[in-house]
Amino acid sequence: MTNLLQPPPPNGTSTAPHSGSLPDNQNGNNNQQSSIGSQTTQIQTGTPTTISQRKNRSERVALHMAPQGYFAKTLANMRQEHYGLFLLIMLFTSLVISAIVGAWDPPFTYRLHDIVHRAIVCNTAFKVKSSSAKEYEIERVRKNTIHIFSNDTEPLDNLRETLWSTISSFVNARTYDRLTEKERDTWNLFLIPRGQQQIPPDVNPEQAFTTFISHFKDQKMIDLLNDQLLIVFSNYGIHGLITSLDFSANEGNVEKILVYPKRKSPKDAIEFKLREVQISDGSSLRELLQKYLPKEMRNDTFVNQIFNWIYPQLRSTLTEDKNATALSVKEKVKAVGDIYVDYAPGRILVESRSTLDLDSLKLLRAEYEAAMKNRASNNRLRRVVRYSSLVVTNMILFVVSWGFLRKRERRRPQTPQSFLLMMSLIVLTVAASRLLHGGTLTNAEWELLPVLIFVMTVSIMYSWELAVVFSFVMVLIISFGGGGSIGTLIVLFSVSVATAIQLGRLRSRNKLLLVAFNAGLVAFVLTIAVGLFAGRELAVVLFFDALTNWVWTFLAGLLMTGLLPFVEGYFGILTDMSLLELGSVSHPLLQSLNRLAPATYGHSMQVGTIAETAADAIGSRGLLTRVGAYFHDIGKIMKPEYYTENQGEKENIHDKLEPQVSTIVVVAHVKDGVDLARQHRLPKPLIDLIEQHHGTSLVSFFFGRAKNKDDQPTQQVDESTFRYPGPKPQTKEAAILMIADACESACRSMGTTATPGKVENKVHVIIKQKLDDGQFDDSGLTLRELKTIENSVIKSIIAANHGRIRYPGQVDEEAPKTSVVPEIVLHA
């Protein structure tokens, strides 16, 4: 195969050698891997050069100047590549992150279900709310709450009137013989003692009746008894009567009750002892009778007779007001404040070889907060020193990571604005992780959710390598700055890597869910492994924590699937899914190109195939290159007849135009393409490919025509007027598109004479010319990658121009004679 170090075939133009030429395959020089833009042009004396390679005096002197020193070179790079702004952004990020994690204080290192290998002793006096003490106090309040009852006196009034009417009927009868049968039965009730069913044998009803009636000698005694019975029953009317309580000692006070009259409100309730209102054995009734009956009637016989009739007929007059009681209980429970328990230094907070439960964790947290409060007032200088040390540590981590990425990863934030956005994402992720860590109720790594969303976003925006590097820095800050352990670091970083490496090319939204599912399995296994290594038991709790980590990981993928369209729009990310949608031939621009410039459309499709294969061969984004190739010539829609491939058998318009005018028309398709792309809101990466696919290449055909005109001296031809405006390709994809575009056009113009050997030579010459012209200086391509691209393009074009067997009777037709402007002219 032709090698780029070999001189191109004679074409009438002598070219100076260029050290950026492709090395021979057998050359073991390590400079193969250096970027093309870093190669130095070698000027050989005595060798004629073209106008495009002439250098002014300053440039020639610069070639022989002494190299800059290390510090001078560093300062120059800082000015040219915004290093100063990058450092300021990293410093500001370090300050903010250190503040978020509370760097001025030592972190709280305990988590739920951690194994405590040594007893934890209190070092700082503190007091803590005791939920158990508060619950005990609430229970005590409930037990001591006095229930509220309403008192209905109507049954007592009826009972007193019945007793009075009965005694009146006895007095009217005067003798036992004159009592009716019913009245005798009623009298017998006066004689049956409490707890017995019949009259005692030693009691004569007739004699007892005569004795009873003897107390009522006149009407005055009858009225006096009535008045005294009213006093007895009025006592019950105040506090009422109750047979028994329907609640236990655990549900309220069983020694006292609150009583209010039925027609009044619970606010008027009066407190009484239960024995004062409880009917029980009737002792209170007997005492009232002994106290208030007339003196003549206070003998035991008369009192017992009245008691024997009243007691069996006493009924409860009290009914509990449950609503009033519940309200009273609620108010008293609400009034119970927080109860604190004091802990003195030296007291054991957690025993050795125990597992931290929620109560132990709250106790340790209270002791930590008390210690930090004392530290804040007594050790201000130490807090400042600790904060400053973490700021410096974070700054060093960021600088080292960025230096590594600058050397190894081209897909990184290139501008201060994009870098500030990256640092802002890191700050937000650390803040969200800190917030979730503070609300942790399990030993699961809740920080997985924000960390994985960050990893997915950065992997989609730039590359998975960039996401891995920054996630490592961020996980270090979260794990150790926030009080995590080595186990936290292992789980977070491993799952981050497992997520990032799966996000190489995102061509389906379901892939995010698959990535999250697989990463969740890694989180599940690692959680169990790290837990067992830390001494935890293989119990349900450990599996629950592992399952929680899997859920967080899968939830991150689910959220990212929904957020992806917004991330693509806000950050200007062009995923493979978006590229597949844009690459559809139904796109309005491609439809217009096919309708107005069908030959250009076919050329674009062919270039897309060639460019994608070449990009994939060196590990670049093949799909982006292919879709960019579809749109790279859409500017030709504006004037399709000015381009050779669309003229057919028509007369070539350029035969009647000045070379300068033809150049202006041909070059304009780049600007027109950019304008059309912006009008149709194509993503910026595609617009960049349209703008850069010719770089600053020379339109050599018209430049040569201008130089060869009889009336135009060579010295007066300004080469810059025959070049595309640029810029040069800034990415590998743009450089590959430039090569594929020029090579496909040149080989197509060869027609049936395009043998494999000629195709190989033509591709080699075109790439060599672009290389010597410096078109790849800013693309980031290495010489080895350029050689790989050359081989891929050659294979693709030869495959596209493959031959077919001749069928019987097939006759060759003479190719139509068309005009003079080779198609390569428009793509040079």
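The values are calculated or read from the model by the stated rules, or taken from the named source; none is laboratory data. All figures in this text were calculated on a predicted structure; none of them were measured in a lab. For neighbour counting, all protein chains shown are included, and Cβ atoms are generated from backbone atoms with ideal geometry for every residue, glycine included. The protein model used for the area step is the full one, side chains on, heavy atoms only, and it has no ligands, DNA or RNA in it. Shrake-Rupley method; radii C 1.70, N 1.55, O 1.52, S 1.80 Å.
Can you list the residues, at least 5 places off or on another chain, whose amide H is less than 5 Å from the amide H of Val350, using H built in the peptide plane?
Ile120
Distance between the C-alpha centers of segment 273-338 and segment 445-462? Whole Å please.
Taking the Cα centre of segment 445-462 as reference, the centre of segment 273-338 is 75 Å away.
Please report the carbon-and-sulfur percent of the accessible area for segment 325-407; probe 1.4 Å, protein heavy atoms only, DNA, RNA and ligands left out.
Numbers: 3080 of 5400 Å².
That fraction is 57 percent.
Enumerate the calculated ³J(HN,Hα) couplings along segment 779-790 in order (Karplus 6.51 cos²θ - 1.76 cosθ + 1.60, θ = phi - 60°), each rounded to whole Hz, writing x wherever the residue is Gly or Pro.
In residue order, the calculated couplings are 7, x, 6, 9, 5, 5, 5, 5, 5, 5, 4, 4 Hz.
Filter the GluC sites (Glu not before Pro) in segment 240-304 to those in DSSP coil with at most 15 other Cβ atoms within 10 Å of their Cβ, and list the result.
Filter output for segment 240-304: Glu251, Glu255.
Mind checking segment 278-362 for trypsin sites (Lys or Arg not before Pro) that DSSP puts in a loop (not H, G, I, E or B) and that have at most 14 other Cβ atoms within 10 Å?
Filter output for segment 278-362: Arg298, Arg315, Arg347, Arg353.
Taking amide H positions as placed 1.01 Å from N in the peptide plane, with prolines and chain starts having none, which residues 5 or more places from Phe126, or on another chain, fall under 5 Å of its amide H?
Excluding prolines and chain starts, which carry no amide H, the hits are Tyr343.
What is the spin-label model distance, in nm, from Asn304 to Thr561 if the labels are put 7 Å beyond Cα along the C-beta direction?
Distance between the two pseudo-spin positions: 9.3 nm.
Cut-off under 18 Å on the C-alpha distance; same-chain residues fewer than 8 positions from Lys407 excluded. Which aspartates and glutamates are left, in chain and number order?
Qualifying aspartates and glutamates at Cα under 18 Å: Glu81, Glu465, Asp777, Asp778, Glu785.
Once label points are set 7 Å from the Cα along Cα→Cβ at both Ser131 and Leu580, what is their separation, rounded to one decimal in nm?
Computed distance between label sites Ser131 and Leu580 equals 4.9 nm.
Quick check: net charge around Leu555, other residues with Cβ under 15 Å of its Cβ, Lys/Arg +1 and Asp/Glu -1?
-2
Could you run the Karplus curve 6.51 cos²θ - 1.76 cosθ + 1.60 with θ = phi - 60° over segment 273-289 and give me ³J(HN,Hα) per residue in whole Hz, x for Gly and Pro?
After applying 6.51 cos²θ - 1.76 cosθ + 1.60, I find 6, 4, 5, 6, 10, 7, 5, 6, 8, x, 4, 5, 5, 5, 5, 5, 5 Hz.
With a probe of 1.4 Å, find how much accessible area segment 422-581 has per residue, and write the answer as a whole number in Å².
Value returned for segment 422-581: 39 Å² of accessible area per residue.
What is the spin-label model distance, in nm, from Lys264 to Gln207 if the labels are put 7 Å beyond Cα along the C-beta direction?
Simple spin-label model gives 5.0 nm for this pair.
Convert each backbone phi in segment 623-640 into a coupling constant with the Karplus relation 6.51 cos²θ - 1.76 cosθ + 1.60 (shift: θ = phi - 60°), then list the ³J(HN,Hα) values in order as whole Hz, x for Gly and Pro.
Coupling constants for segment 623-640: 5, 4, 5, 5, 5, x, 5, 4, 9, 5, 10, 5, x, 5, 4, 5, 9, x Hz.
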